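Here it is, the structure in full.
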Amino acid sequence: MTFQSQSPLTGDQLLARAVAEGRSALDEKSGKAVLESFGVRTPRSAVAADAAEGERLAAGFTPPFVVKVVSPDILHKSDAGGVALNVADAAAVRTAIAAMAQKPAIAGANVEGWLVEEMVPAGREVVVGGFRDPQFGPMVMVGLGGIFVEVLKDVSFRICPIDAGEARAMLAELKGQELLRGARGSAAVDEDALVDVMLKVGGADGLLMRHADVVAELDLNPVIVSAKGAVAVDARVLLRPAEAHEGRAADADPVAAFRPLFEPRTVAVMGASTKDVAIANTFIRRLKAFGYDGAIYPIHPTATEIEGFTAYPDLGSTPEPVDYAYVAIGAARIPDAIAAARGRCRVAQVISSGFGEVEEGKELERDLVAKAREAGVRVIGPNCLGTYSPRGKLTFPAGAPQEVGTIGVVAQSGGLSTDIIKRGQWRGLRFSGLVTIGNSADVAPHELLEYYFADPVTKAVGLYIEDVKDARAFFDLMRSPKATKPVVILKGGRSSQGRLAAASHTGALAGDDKAWDALARQTPAVLVATVDAFIDTLLALQHLTLRAERPTRSVTLFGNGGGSSVLGADAFAAVGLDVLPYEGEARERLEAMGLPPGTSVANPIDTPVRTLQEKDGLVAGEILDIVYAHAAPDAIAMHLNLAAFVGRGSVDPIDNLFAVVEQTQRKWAGKAHFLLALRTDGSAELDERRRLYREKARAAGVPVFDEIAPMAAALANVRHLEERLVA
């Protein structure tokens, strides 16, 4: 192959040619030519066919030089002995090439030439890279070079595209960021030039976005950054065959598209029996018990009546078109059963399993989706449990709350969804809807998320996701103006899909959770690790109004128990929230109250039971008035140890405390987030009392937690979301 000092092809043409030739990577010279076409500076260089030509080409450059082998068989050139640094002159270039050609790993390889380039002056080594995440598509990485990336893995990732603000935020996340700014007397680098390289790689019109279907992994390692700019001295570009991508057509009006799911006027049920109590029979009975007052049409090939309702042979035979069909029959029969709707069914939720979750069902799942689309039916599932919608009187769990709430949930696990509904119910959570989506063969998570964003009833959204399906559409939605509501994500399987054969530094450093961590940094979403944290955060969002213009930082911690206050302050500090002692008028006014001995008003405000019994518990209102008026915290976190009030005289101040809380919420509305932790000793009596108090708190608009630490974690998630919502 003949090389020239400057490629006659554009970067786009070089990539297209390499893919057409079936190459898995660009050679370094071509990789740098691609970078140059995107405006990234690289060293002056040329490729020689042999040692003699290397000497001749070097004579036209400025020493010292770097010499590298060019071979499609050698990905890691240094390991093969194919890199020589600080080569003094043209004659030394010839000697270096001759010596490298004798190395065993090089002598047996297909060598296409020798790259000769001017050596870049010293500066700070930085790695800029990218890779194609299997779900979200292009991602960009930055990290400090040398030991920082090799050993400490001091790197930051974002989903592309990024802007200048996000590029600077990535640099700010690096543990060694101060080294870029001139730590310990070293010269500061041109950070603007580094940001420019990051944008040329991962920006809206950068290399990774423009060639998202071609570039598998990218390493600029290192980029030498100094006060004079940034130069990419090594470039590794790994390729993948271009693939066609079939996107999902989005509905113009998501509320109209999914109203039949959340507020169905007619429900068809497939799988109910006249002899046995099948799951479909149970569903009909729960519909009736839940108060559903629309038409119910059992579908059965021969029966005339099921569960007291007239039965019909197929979806095309019902008296009225069907808004929602609950499908629980044998998997093999379902595609044709849905095809029989012939435009007379809006949404079918397929409960049955035996589809794409098992290898032998994948083709059946494709057939299901194809026939449903032909019949004009949107499919939820298959392999799920159902939908819970209080406003539509639709439910799959028994005993779910009938009150319409403000929390919308999408979940890929049916069993976990039941836990979320029931555990959330006891915690005071109320739902605008919960949809189990199973395999998401047709309707993807982002489509239901878009519905909740547009739904006037929903205030916040929770997602339990294992496979996001069309992750790019999900990310684009989360970055769009439609994403006006906070999203809590409980991600399953974050560690199960490892990039096992990554060939670049970037790929090796990009674990499965990097894309999700990046998404939470780039969008109004927060990641949680447990069902408890999921419910805690949604509970906080149910009651608190996010303040994008004033993200939460300062906290007043107020309650009984000195040790609890100390541990509570530690818990808030651990999540980045400040419980700092009062100064000035707030401290003076609190001290002037002359509260009983053992009381501390410094913040935390530690009030023993004796103090809280003052004025039959109404003293708490006086304390809170001073805090609101003169300390002006972003949040007030109150904690009560209920066991401490047992047997402490005839006055139980807790009922009055709740009256104070309710009054305070009205008097100081919008001034500070108010949260409450009610702690017990685990006895049935106190746990039951806490349950009653939770209902009072819910009526007052106050989220209740079992301990201080979960309350702190939920408030930190609120702060995280406030920082990412547009004010």
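Look at ALA80 and say whether it is under 20 Å from ALA122 (Cβ atoms), buried (at least 17 other Cβ atoms within 10 Å of the Cβ) and of a type outside the set (Val, Ile, Thr).
no
Pick from the range 675-709 the residues that are in a strand (DSSP E or B) and touching a Lys or Arg at 6+ places or on another chain (Cβ under 7 Å): which of them is farthest from HIS543 (Cα to Cα)?
The residue in question is LEU678.
Here's something else I'd like to know. Restricting attention to the range 194-225, and to residues there that are out of contact with any Leu (no Cβ under 9 Å at 6 or more places or on another chain) and of a type in the set (A, V, I, L, M, F, W, C), which single residue is farthest from LEU239 (Cα to Cα)?
Out of the qualifying residues, it is ILE224.
Looking for whichever is closer than 17 Å to ALA280 by Cα and either buried (at least 16 other Cβ atoms within 10 Å of the Cβ) or touching a Cys at 6+ places or on another chain (Cβ under 8 Å) (or both) here; the options are ALA337, ALA341. Which one fits? Quick ask: steps written out before the conclusion?
Working: ALA341 fails: closer than 17 Å to ALA280 by Cα.
Result of the check over ALA337, ALA341: ALA337.
Please work out if ARG333 is basic (Lys, Arg) and outside any helix (DSSP H, G or I). Break it down into steps so the answer makes sense when it comes.
On the way: basic (Lys, Arg): yes; outside any helix (DSSP H, G or I): no.
No.
Taking only pairs six or more apart or across chains, which ones have beta-carbon atoms under 7 Å, a first residue in the range 543-562 that is without any contact (Cβ under 8 Å) to a residue 12 or more places away in the chain, and a second residue that is surrounded by fewer than 17 Cβ atoms within 10 Å (Cβ to Cβ) and assigned to a loop (DSSP other than H, G, I, E, B)?
Here the result reads none, with nothing in the range 543-562 linked to a residue that is surrounded by fewer than 17 Cβ atoms within 10 Å (Cβ to Cβ) and assigned to a loop (DSSP other than H, G, I, E, B).
Turning to a different aspect of this structure: If a residue has to be more than 14 Å from SER432 (Cα to Cα) and touching a residue at least 60 places away in the same chain (Cβ under 8 Å) to count, how many in the range 370-396 make the cut?
Number of matching residues: 8.
For the range 360-381, which positions are farther than 17 Å from ASP314 by Cα and acidic (Asp, Glu)?
GLU360, GLU363, GLU365, ASP367 - these are the residues of the range 360-381 that are farther than 17 Å from ASP314 by Cα and acidic (Asp, Glu).
I'm checking my understanding of the structure. Among residues of the range 17-30 that are small (Gly, Ala, Ser) and touching a residue at least 12 places away in the same chain (Cβ under 8 Å), which one is farthest from ASP205 (Cα to Cα)?
SER24
Any idea which residue in the range 528-542 is surrounded by the fewest Cβ atoms within 10 Å (Cβ to Cβ), counting only those that are touching a residue at least 40 places away in the same chain (Cβ under 8 Å) and over 16 Å from ALA677 (Cβ atoms)?
The selected residue is THR530.
Turning to a different aspect of this structure: Which of the following residues is at pLDDT 90 or above, surrounded by 15 or more Cβ atoms within 10 Å (Cβ to Cβ) and not in a strand (DSSP E or B): ALA18, ALA33?
ALA33
Can you tell which of VAL646, VAL702 is outside the structural domain of VAL404 (by TED's automatic domain parsing), farther than 14 Å from GLY617 by Cβ, among the β-branched types (Val, Ile, Thr) and in contact with a strand residue (DSSP E or B) (Cβ under 9 Å, 6 or more places away or on another chain)?
Only one candidate qualifies: VAL702.
Determine if the range 56-76 includes at least one residue that is surrounded by fewer than 18 Cβ atoms within 10 Å (Cβ to Cβ), among the charged types (D, E, K, R), at pLDDT below 90 and more than 22 Å from MET119 (Cβ to Cβ).
Scanning the range 56-76 turns up at least one residue that is surrounded by fewer than 18 Cβ atoms within 10 Å (Cβ to Cβ), among the charged types (D, E, K, R), at pLDDT below 90 and more than 22 Å from MET119 (Cβ to Cβ).
Any residue that is more than 31 Å from the chain's Cα centre (by Cα), in the same structural domain as GLU263 (by TED's automatic domain parsing), aliphatic (A, V, I, L, M) and not in a loop (DSSP other than H, G, I, E, B) - is there at least one of those in the range 339-351? Even if it seems obvious, please write down each step before you answer.
Applying the first criterion (more than 31 Å from the chain's Cα centre (by Cα)) to the range 339-351 yields 339-345.
Next cut, in the same structural domain as GLU263 (by TED's automatic domain parsing) only: 339-345.
Checking the rest, the ones that are also aliphatic (A, V, I, L, M) come to 339-341.
This time we only want the ones that are not in a loop (DSSP other than H, G, I, E, B), so: 339.
Yes, that holds for at least one residue.
Taking the range 127-169, which residues are aromatic (Phe, Trp, Tyr) and either under 20 Å from the mean Cα position of the chain (by Cα) or buried (at least 22 other Cβ atoms within 10 Å of the Cβ) (or both)?
Looking only at the range 127-169, we keep the residues that are aromatic (Phe, Trp, Tyr), and these are 131, 136, 148, 157.
Hits for the range 127-169 are PHE131, PHE136, PHE157.
Regarding ASP73, is this residue acidic (Asp, Glu) and in contact with a Leu (Cβ under 9 Å, 6 or more places away or on another chain)?
Against the criterion (acidic (Asp, Glu) and in contact with a Leu (Cβ under 9 Å, 6 or more places away or on another chain)), ASP73 does not qualify.
Further question: Looking at TYR628, TYR582 in this structure, which one is under 38 Å from the mean Cα position of the chain (by Cα), part of a loop (DSSP other than H, G, I, E, B) and aromatic (Phe, Trp, Tyr)?
Answer to the check: TYR582.
In addition: Please list, ordered by residue number, the helices (runs of 4 or more DSSP H) wholly in the range 453-571 having 2 or more residues that are out of contact with any Asp or Glu (no Cβ under 7 Å at 6 or more places or on another chain) and at pLDDT below 90.
Numbers: elements: 471-478, 505-509, 514-522, 531-543.
Result: 505-509.
Could you run through the range 406-417 and say how many residues are at pLDDT 95 or above and surrounded by fewer than 21 Cβ atoms within 10 Å (Cβ to Cβ)?
Summing the residues that are at pLDDT 95 or above and surrounded by fewer than 21 Cβ atoms within 10 Å (Cβ to Cβ) in the range 406-417 gives 1.
Also: Which one is modelled with the lowest pLDDT, of the residues in the range 607-616 that are over 43 Å from the mean Cα position of the chain (by Cα) and part of a helix (DSSP H, G or I)?
Applying the filter and picking the extreme gives ASP616.
A further question follows. What pairs come up if the first residue lies in the range 150-163 and is of a type in the set (D, E, K, R), the second is modelled with pLDDT under 85, and their beta carbons are under 7 Å apart, counting only those six or more places apart or on different chains?
As it stands, the answer is LYS153/LEU509; ASP154/PHE148, since those pairs meet every condition given.
Then there is this: With in contact (Cβ under 8 Å) with a residue 40 or more places away in the chain, under 30 Å from SER480 (Cβ atoms) and acidic (Asp, Glu) as the only criterion, which of GLU695, GLU723 stands out?
Only one candidate qualifies: GLU723.
Looking at (1) assigned to a loop (DSSP other than H, G, I, E, B); (2) touching a residue at least 60 places away in the same chain (Cβ under 8 Å); (3) crowded, with 17+ Cβ neighbours inside 10 Å, find the lone condition where VAL47 falls short.
For VAL47, the exception is condition (1).
State yes or no: is ALA295 modelled with pLDDT of 90 or more, under 30 Å from VAL126 (Cβ atoms) and surrounded by fewer than 18 Cβ atoms within 10 Å (Cβ to Cβ)?
no
The values are calculated or read from the model by the stated rules, or taken from the named source; none is laboratory data. None of these values were measured; they are calculated from a predicted model. Here Cβ is always computed from backbone atoms with ideal geometry, including for glycine, and neighbour counts include all displayed protein chains.
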